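Here is the structure we will look at, set down as structure tokens.
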Amino acid sequence: MTQIIVVTSGKGGVGKTTTSASLACGLARRGKKTAVIDFDVGLRNLDLIMGCERRVVYDFVNVIAGDCTLKQALIRDKRLDNLYVLAASQTRDKDALTQDGVERVLKELADDGFDYIVCDSPAGIERGAFLAMYFADIAVVVVNPEVSSVRDSDRILGLLAAKTRKAEQGDKIKDSLLLTRYNPARVETGEMLSIKDVEEILGIAVLGVIPESSDVLNASNKGEPVILDVESPAAQAYEDAVARLLGEDRPLRFTQVEKKGFFSKLFGG
């Protein structure tokens, strides 16, 4: 049965698209047929991070408007045969997305045997964000460990609980928290909220903690989801999050300040 995942947040710039791309790649690497859809009509960043921007001929809005078929618009990833990207339109506004149109695309993907559909939501509570979350089975709420990001995400949790199809049916979306740009040293000095702080404020469990790392920006600039950079701590943390998404039990890593060894202290390493 197809599972629809929405990657969402209350605030922009927290790492939603990086997370959508990495989760989609991680699922595909584990043999799951996966589509990742950019709901951010008018801006469109997912294709850049996936490294397929030059291959976009048709987009999500074209499919909804009937200008092309879904198969024509889906871009197959060059690295993973069972991963597909559906880009957003850069030239239309967010009203071009309709609830019926989105439902039709999601149903066609499900009928075509996709195991997972990852919906990369715009930030906030506008139309694209509402449609990205409306049909979801699972929500991954992306949060930076700072007060304004956490506060805005609390609003999103309220919408997930009240304004989705599952809510209308008396059911509940399975929601979880993904903390990005986490720096244990800054947590220790009180500059950043701790994992426990964020969990207590939002009342949902943590799916993953992604350490603050320049690898994320470097990967985005290369058009490659950071999860594919296997040596990177950020990649390993995303891999752990994918494993947990699939029901595996993995301890959280990269959440403690690394203690220096004796020789490091002695020689200032």
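DSSP assigns beta bridges within the chain; of those with both partners inside it, close to 5 percent run antiparallel. Tell me the net charge near Cys68. Cut-off is 13 Å between Cβ atoms, Cys68 excluded, with +1 for each Lys or Arg and -1 for each Asp or Glu. Combined, the nearby Lys, Arg, Asp and Glu give -2.
Solvent-accessible area assigned to carbon and sulfur over the chain amounts to 48 percent, based on a 1.4 Å probe.
For the chain, what is the calculated [θ] at 222 nm in deg cm²/dmol (nearest 500), taking -39500 (n - 2.57) for each run of four or more DSSP H residues and dividing by its residue count?
Values: 13 runs with 111 residues, N = 269.
Rounded to the nearest 500, the figure is -11500 deg cm²/dmol.
Answer rounded, prolate or oblate for region 76-115, using the Cα gyration tensor with square roots of eigenvalues a ≥ b ≥ c: rounded when a/c is under 1.5, else prolate when a/b is larger than b/c, else oblate. Because a/c hits 1.5 or more and a/b fails to exceed b/c, region 76-115 counts as oblate. Mind checking the angle between helix 99-111 and the chain's longest principal axis? C-alpha axes, 0 to 90 degrees, to the nearest 10. Helix 99-111 sits at roughly 80 degrees to that axis. In the distance distribution for the chain, Cα-Cα pairs more than 25 Å apart total 42 percent. Compared with the dominant Cα axis of the chain, that is its longest principal axis, helix 233-245 is turned about 60°.
Among the listed pairs Lys33/Lys78; Lys166/Lys196; Lys32/Lys107; Lys11/Lys163; Lys16/Lys174, those whose Cα-Cα separation exceeds 21 Å are Lys166/Lys196.
Of interest is the spacing of the C-alpha centroids, which for region 167-204 and region 37-91 amounts to 30 Å.
Evaluate E = 1/(1 + (r/R0)^6) for Ile201 and Asp67, where r is the Cβ-Cβ distance and R0 equals 45 Å; express this FRET efficiency to the nearest 0.05.
Details: r = 44 Å, r/R0 = 0.98.
FRET efficiency, Ile201 to Asp67: 0.55.
If you count, for each residue, the other Cβ atoms within 10 Å and average over each peptide, how do 13-25, 155-167 line up from highest to lowest?
The peptides rank, most packed first, as 13-25, 155-167.
Entry note, region 32-165: relative contact order of 30 percent, from Cα contacts under 8 Å with a spacing of 6+ residues.
Accessible surface area normalised per residue over region 192-252 is 46 Å², counting heavy atoms of protein chains with a 1.4 Å rolling probe. Sorted into 5 angstrom bins from 0, the C-alpha pair distances of region 82-231 split as 1, 8, 15, 18, 18, 18, 13, 7, 2, 1, 0 percent. Taking θ as phi - 60° and the Karplus parameters 6.51, -1.76 and 1.60, the scalar couplings of region 30-35 work out to 8, x, 8, 6, 10, 10 Hz in sequence order, x denoting glycine and proline. Can you give the angle from 0 to 90° between the axis of helix 147-162 and the longest principal axis of the chain, with both taken from C-alpha atoms, to the nearest 10? Around 40 degrees separate the two axes.
Across region 11-90, the mean sequence separation of Cα contacts (distance under 8 Å, 6 or more residues apart), normalised by length, yields a relative contact order of 37 percent.
The values are calculated or read from the model by the stated rules, or taken from the named source; none is laboratory data. Model, not experiment: these values are computed from the prediction. Neighbour counts run over all protein chains shown; Cβ positions are idealised from the backbone, glycine included. Heads up: the accessible areas ignore ligands, DNA and RNA and are worked out on the full protein's heavy atoms, side chains in. Shrake-Rupley method; radii C 1.70, N 1.55, O 1.52, S 1.80 Å.
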